[in-house]
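First up is the structure itself, then whatever we jot down about it.
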Amino acid sequence: MLIKKPSDIKTSEITPENVYKSRREFMLDGSKLMLGTMAGASLPATVLAQNGGALKARAPASMQRAAPAPWWAEKFSSIKPAPNSEPFFTGETLTPYRDVTHYNNFYEYGMDKGDPSANSNPSQPDPWSVAITGEVARPGTYNLEDILKPVDLEERIYRMRCVEAWSMVIPWIGFPLADLIKQFEPTSNARFIEFETLVDPDTMPGVTSRFAMVNWPYREGLRMDEAMNPLAFMAVGLYGNYLPSQNGAPMRLIVPWKYGFKGIKSIVRINFRETQPNTTWNDLQANEYGFYANVNPAVHHPRWRQDMERRLPQTLFSRQHIETQLFNGYGEQVAHLYNGMDLARNF
Ligand code: MTE
């Protein structure tokens, strides 16, 4: 596994944690202003929008979408901060921006951890279209702008646990997956939801590589009740800024109680269906990667131990080994989804 050396990373690409933290305090202040306004205080809501707008000025430009459209910037001008309590927030130390954006799995851009940041193109198609198909009252091809128009962006600070036994703590920006699903009015036959990633051989060297074993596009899926759980999240940003391409711009899935491979990136199709969809890793190696992929320290994996994890970044002096928790610590919110199921068989 190859990790980009710190010396390879331009300082302009990094949002330092102290900048992020002061932004976060700022966003918290902003939300207090908003509450004050709602409570009838004299500050107009536009103060928040103007101040919030200043946040984007600090985006690490070289890693973001080249020229975000005005609607997109406007959407980012009012982000609701994460509450200071579980489960939408964790007080654990945030993984530095550099690690979140330079230690990635995105096989469309190559198989090494440094490949996605080196190979992915920051200027992606705009408008970005998402096909909504299957068991819904409102199928069609929608621009991302239309999908995002009715939703409110918020911050969520989640643990992310990869099946490879590393983990991170990431401040995402996005909105509940349930808010997207409701827009398209699924029929009563919709028992599963399936997602697909863009395939573009011109900009994604991984999809034409002879080493790639994946049958593209990358596919993932959830049961409908899992998808409607309030923890399931569509991310369009992180660390207060737009989502970098290597992290799945412009929109990716986050399911914090499942292994990271469920978090499909750069989504172009969402299909509602009656039967369980095929998923990329399950198709490749069903005995290693289940459809459910719930984080479970008791279910053995042939290549990585699952009862422990390495919380990144590791240093020479601190290996940061911690115990892995069932459902990645989100059991209170999701254990009921699996009542009566044998989690060792349905892994
Ligand atoms: N989505 C696509 N389209 N292609 C991928 O290779 N890798 C998955 C997931 N989503 C992957 C993907 C895996 S294995 C993990 S662990 C997470 O993305 C990593 O997300 P990150 O790179 O933002 O940390």
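Quick notes
- Matching residues in the stretch 204-225 - criterion: being among the aliphatic types (A, V, I, L, M) and within 13 Å of the ligand (Cβ to nearest atom): M204, V207, A212, M213, V214
- Some residue of the stretch 209-225 being in contact with a helix residue (DSSP H, G or I) (Cβ under 7 Å, 6 or more places away or on another chain), surrounded by 23 or more Cβ atoms within 10 Å (Cβ to Cβ) and in contact (Cβ under 8 Å) with a residue 40 or more places away in the chain: yes
- Residue match in the stretch 274-288 (condition: more than 10 Å from the ligand (Cβ to nearest atom), over 24 Å from Y338 (Cα atoms) and surrounded by fewer than 20 Cβ atoms within 10 Å (Cβ to Cβ)): yes
- Remark: M251 matches the filter, which requires a residue to be surrounded by 16 or more Cβ atoms within 10 Å (Cβ to Cβ) and under 25 Å from Y103 (Cα atoms).
- Evaluation of T324 against (1) surrounded by 24 or more Cβ atoms within 10 Å (Cβ to Cβ); (2) within 15 Å of the ligand (Cβ to nearest atom) (one fails), failing number: (1)
- Residue that is modelled with pLDDT under 95 and either surrounded by 19 or more Cβ atoms within 10 Å (Cβ to Cβ) or within 17 Å of the chain's Cα centre (by Cα) (or both), where the choices are A59, A66, A73: A59
- Scanning the stretch 138-194 for residues that are open to solvent by 10 Å² or more (accessible area, probe 1.4 Å), of a type in the set (S, T, Y) and under 20 Å from T93 (Cα atoms) turns up nothing.
- Qualifying strands (runs of 3 or more DSSP E) (wholly inside the stretch 93-203; at least 1 residues being basic (K, R) and within 11 Å of the ligand (Cβ to nearest atom)): 154-161
- Residue match in the stretch 263-270 (condition: surrounded by 24 or more Cβ atoms within 10 Å (Cβ to Cβ), within 12 Å of the ligand (Cβ to nearest atom) and over 25 Å from D126 (Cα atoms)): no
The values are calculated or read from the model by the stated rules, or taken from the named source; none is laboratory data. Source: prediction; values computed, not measured. Every residue, glycine among them, receives a Cβ derived from its backbone with ideal geometry; neighbour counts consider all protein chains shown. For accessibility, only protein heavy atoms count, side chains too; no ligands or nucleic acids. Shrake-Rupley method; radii C 1.70, N 1.55, O 1.52, S 1.80 Å.
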